[in-house]
């Protein structure tokens, strides 16, 4: 029996030692009851902060998705537009003005069409030149929001005229400002670099 009493005493000492490491449940419970309002406010603040972080993360992800989509759409629309705007055929250059104007913002349409009618078309007609342009490479220079994207394009042009026996190949670097207007990407500026 002594062995049983000894092992019970050892077990009691171990339990007492472990209990001293842990705070008494009664003290915790009384502290929570005493500070119930503070605990509730603290928990509400933690839940509110987590919710706010989740909302901000969702908004940032949505914004980045819209910007990424805008970049991709602006590149595709810009390449098509520049190919049309910088391709000319002396036989149809005057008839192509409405098609070209539809690719431009109102602010840029006036200067572009004026230059086309006053200098480009007469030169093309006089020299009987046909030019095909295409964007060889396009990069994004700037995209501040999902309505304005600035592109850098490397454009190749192939020109044929009776004055030259072989087609002429020229390359250009062009800065293209693209503007989203009512869901359509339009050229707001074309500038050689």
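Throughout, read-outs are computed from the coordinates displayed, never taken from laboratory work. Here the structure is a predicted model, which means the values were calculated and not measured. Cβ placement follows ideal geometry from the backbone for every residue including glycine, while neighbour counts extend to all protein chains displayed.
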#### Entry: the chain: most fluctuating residue of 147, 172, 35 per GNM, C-alpha cutoff 10 Å
35
### Exposure proxy ranking, count of Cβ atoms within 10 Å, fewest first, for 108, 169, 154
169, 154, 108
### Query
Just for the chain, what percent of DSSP beta bridges are antiparallel, to the closest 5?
95
#### Entry: Segment residue 60-residue 125, extension gain: residue separation times 0.36 nm, minus the distance between their alpha carbons
18.1 nm
### Task
Could you check which residue among 135, 72, 44 shows the biggest mean-square fluctuation in a GNM of the chain with a 10 Å Cα cutoff?
44
### Helix axis angle, 2-21 relative to the chain longest principal axis, alpha carbon, degrees
40
### Summary
By the Cα gyration tensor axes a ≥ b ≥ c (a/c under 1.5 gives rounded; else a/b larger than b/c gives prolate, otherwise oblate), the shape of the range 143-193 is prolate
### Query
Tell me, what is the FRET efficiency for residue 92 and residue 166 to the nearest 0.05, using R0 = 22 angstrom and their Cβ-Cβ distance as r?
0.45
### Task
Consider the candidate values (i) 36, 24, 17; (ii) 28, 23, 16; (iii) 79, 21, 10; state which one is semi-axes √(5λ) of the Cα gyration tensor in Å computed from the structure displayed.
(iii)
### Query
If you build a Gaussian network model of the chain, linking Cα atoms that sit under 10 Å apart, which residue out of 91, 14, 175 swings the most?
14
